[in-house]
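J.: Please see the structure below; I have some questions.
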Amino acid sequence: MTAFSLEPAQLAWCAELRALAAERLHPLADKGEPGHVNRALVAELGSLGLLGRLFTSGALDLCLMRESLAYACTEAETALALQGLGAHPVHAYGTEAQRAHWLPRVTAGTAIAAFALSEPGAGSDAAALELRAEADASRGGRSSDPSQGGRFAGTPSLTAAPDGPARWRLTGGKCWISNAPEADFYTVFARTTPDAGARGVTAFLVPADRPRLTGRGLDMLSPHPIGVLDFDAVPVTAGDVLGEVDRGFRVAMGTLNLFRPSVGAFAVGMAQAALDATLAHTAGRDAFGGKLRDLQAVSHQVAEMALRTEAARLMVHAAASAYDADAPDVPRRSAMAKLLATETAQYVVDTAVQLHGARALQRGHLLEHLYREVRAPRIYEGASEVQRGIIAKELYARQEAR
């Protein structure tokens, strides 16, 4: 199969996903409380087997899932994506014990995962992280009494206390973390070696009920929770490490290289929904003695929307196929796919709103919803400016290697 066409079975699966999203997931999304984890929706994703596919499918299948769900229910798409983003490091880099404990719960939708990389002063730059993982002088001498816990101390525990004496204490903060402070565990990136840049970062699996881990939600333009995490000498052990000590940058980039094209797929799904709504509206709307579509200015805008959406889709598919083929240029392709698709979706949704007029700004209208949803993907998992930097760096590195 090439990167530029889909098999009939894949197309049929996408149609099935769109139907499931509209019929079974969208009603649950409507019942959710904005700014909070919709556990019923996540559980339904699990019962449909979609969360399990996060760990058994390739990058292209992940993109097809995200685009199809986004077309009919952005909340379901985001819930699925956040489970994958938070738990992929456990799947790809975790120990047998870590995988056995958490992945069945994630795939069933009974445990909520989160990816805790961003910091107030570092954004998504893993090399600039300041959350400290300091060696524990007493090696377990501090109390792990739950009464010393914070925000999460009263929540039902899905895990035990640290397995053995603490080797490090996490001190510092994370910010703009999706699913915080309501997740059940976090993939946390912390600095284990000072002044070592990307080489001194370690990834840890930190359950939410660890002592001295607290969090609070942020009031943001988002249907799912986004919050701050505060670490006050939170104990972590050697058994909490994901991958290798001081090699957490590899865990972060390996996860982002997989998920960046699928962020593009999410954007393409929103763009396609906006385009289809615009086609229906302009074909049926009477204006100036004819249909809105009869105006050349309108029809040319619709053509441009379709052109950009399809171009973005093809680049997303190409990047995902490159990832699945273990191609050497995955970082560049992933960055290009996310950049083009998210910027395209912003243009397409904005143009759709303009062609619909004031009705598109009414609460509850599809385009009002998409207009709010489409902005954030240009920032998270590396803003558009970060993607341009990655692309340029990869291009110059390849030029110098010739």
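The values are calculated or read from the model by the stated rules, or taken from the named source; none is laboratory data. Just so it is clear, the structure is predicted and the values come from calculations on it, not from any experiment. When we count neighbours, we look across all protein chains shown, and the Cβ atoms used for this are built from the backbone with ideal geometry, even at glycine.
J.: If you take the residues of the stretch 236-258 that are part of a strand (DSSP E or B) and not charged (D, E, K, R), which of them is farthest from Ala72 (Cα to Cα)?
T.: Val236
J.: Under the condition of being of a type in the set (Val, Ile, Thr) and more than 26 Å from Pro331 (Cβ to Cβ), which residue from the stretch 349-402 is surrounded by the most Cβ atoms within 10 Å (Cβ to Cβ)?
T.: Val349
J.: Six or more apart or on different chains, Cβ atoms under 9 Å: show the pairs whose first residue is in the stretch 150-179 and in the same structural domain as Ala135 (by TED's automatic domain parsing) and buried (at least 18 other Cβ atoms within 10 Å of the Cβ) and whose second is among the polar types (S, T, N, Q) and modelled with pLDDT under 55.
T.: Ala153/Ser147; Pro162/Ser144; Ala166/Ser144
J.: Now for a separate question. Name, by its number, the condition in (1) closer than 18 Å to Glu343 by Cα; (2) over 19 Å from the mean Cα position of the chain (by Cα); (3) surrounded by 18 or more Cβ atoms within 10 Å (Cβ to Cβ) that does not hold for Glu310.
T.: All conditions pass for Glu310, except number (3).
J.: For the stretch 271-300, give me each residue that is under 30 Å from the mean Cα position of the chain (by Cα) and of a type in the set (Val, Ile, Thr).
T.: Listed by number, the list holds a single entry, Thr278.
J.: Continuing with the same structure: From (1) part of a helix (DSSP H, G or I); (2) surrounded by fewer than 24 Cβ atoms within 10 Å (Cβ to Cβ); (3) of a type in the set (A, V, I, L, M, F, W, C), pick out the condition that doesn't hold for Ala320.
T.: Ala320 satisfies all of (1) part of a helix (DSSP H, G or I); (2) surrounded by fewer than 24 Cβ atoms within 10 Å (Cβ to Cβ); (3) of a type in the set (A, V, I, L, M, F, W, C) except (2).
J.: Taking the stretch 320-330, which residues are within 21 Å of Leu54 (Cβ to Cβ) and in contact (Cβ under 8 Å) with a residue 60 or more places away in the chain?
T.: Selection gives Ala320, Ser321, Ala322, Tyr323, Asp324, Val330.
J.: Which one is farthest from the chain's Cα centre (by Cα), of the residues in the stretch 212-227 that are of a type outside the set (S, T, N, Q) and crowded, with 18+ Cβ neighbours inside 10 Å?
T.: Arg212
J.: At pLDDT 95 or above, assigned to a loop (DSSP other than H, G, I, E, B), buried (at least 17 other Cβ atoms within 10 Å of the Cβ) and within 26 Å of the chain's Cα centre (by Cα), is that true of Ala133?
T.: no
J.: When Leu370 is evaluated against the numbered criteria (1) more than 20 Å from Leu62 (Cα to Cα); (2) not in a helix (DSSP H, G or I), which criterion, by number, is the only one it fails?
T.: Among (1) more than 20 Å from Leu62 (Cα to Cα); (2) not in a helix (DSSP H, G or I), the lone unmet condition for Leu370 is (2).
J.: Counting only residues that are of a type in the set (A, V, I, L, M) and under 28 Å from Asp276 (Cα atoms), give me the helices (runs of 4 or more DSSP H) lying completely in the stretch 1-114 with at least 2 of them.
T.: 8-20, 26-31, 39-47, 50-53, 59-72, 74-93
J.: Can you give me the number of residues within the stretch 193-208 that are crowded, with 24+ Cβ neighbours inside 10 Å and either part of a loop (DSSP other than H, G, I, E, B) or not assigned by TED's automatic domain parsing to the domain that holds Lys174 (or both)?
T.: The qualifying residues number 1.
Results for (1) closer than 30 Å to Glu77 by Cα; (2) of a type outside the set (D, E, K, R); (3) in contact with a Lys or Arg (Cβ under 9 Å, 6 or more places away or on another chain); (4) assigned by TED's automatic domain parsing to the domain that holds Leu64, shown as yes or no for each residue.
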{"position": "Arg210", "(1), (2), (3), (4)": "yes, no, no, no"}
{"position": "Leu213", "(1), (2), (3), (4)": "yes, yes, yes, no"}
{"position": "Leu221", "(1), (2), (3), (4)": "yes, yes, yes, no"}
{"position": "Val234", "(1), (2), (3), (4)": "no, yes, yes, no"}
{"position": "Arg260", "(1), (2), (3), (4)": "yes, no, yes, no"}
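J.: Looking at Gly227, Gly284 in this structure, which one is at negative phi and touching a Gly at 6+ places or on another chain (Cβ under 7 Å)?
T.: Unique residue meeting the criteria: Gly227.
J.: Here are Gly357, Gly382, Gly389: which of them is in contact (Cβ under 8 Å) with a residue 24 or more places away in the chain and among the small types (Gly, Ala, Ser)?
T.: Exactly one residue qualifies, and that residue is Gly382.
J.: Using beta carbons and a limit of 9 Å, which pairs, at least six apart or on different chains, have the first residue in the stretch 277-289 and over 16 Å from His300 (Cα atoms) and of a type in the set (S, T, N, Q) and the second one modelled with pLDDT of 95 or more and assigned to a helix (DSSP H, G or I)?
T.: Sorted first by the residue in the stretch 277-289, then by its partner, the list stays empty.
J.: So, one more: Scan the stretch 266-273 and give yes if some residue there is under 30 Å from Thr202 (Cβ atoms), in the same structural domain as Ala312 (by TED's automatic domain parsing) and either in contact (Cβ under 8 Å) with a residue 60 or more places away in the chain or not in a helix (DSSP H, G or I) (or both), otherwise no.
T.: Yes; the residues of the stretch 266-273 include at least one that is under 30 Å from Thr202 (Cβ atoms), in the same structural domain as Ala312 (by TED's automatic domain parsing) and either in contact (Cβ under 8 Å) with a residue 60 or more places away in the chain or not in a helix (DSSP H, G or I) (or both).
J.: In addition: Can you tell me which residue in the stretch 17-56 is farthest from His369 (Cα to Cα), limited to those that are surrounded by 11 or more Cβ atoms within 10 Å (Cβ to Cβ) and charged (D, E, K, R)?
T.: The extreme case among them is Arg53.
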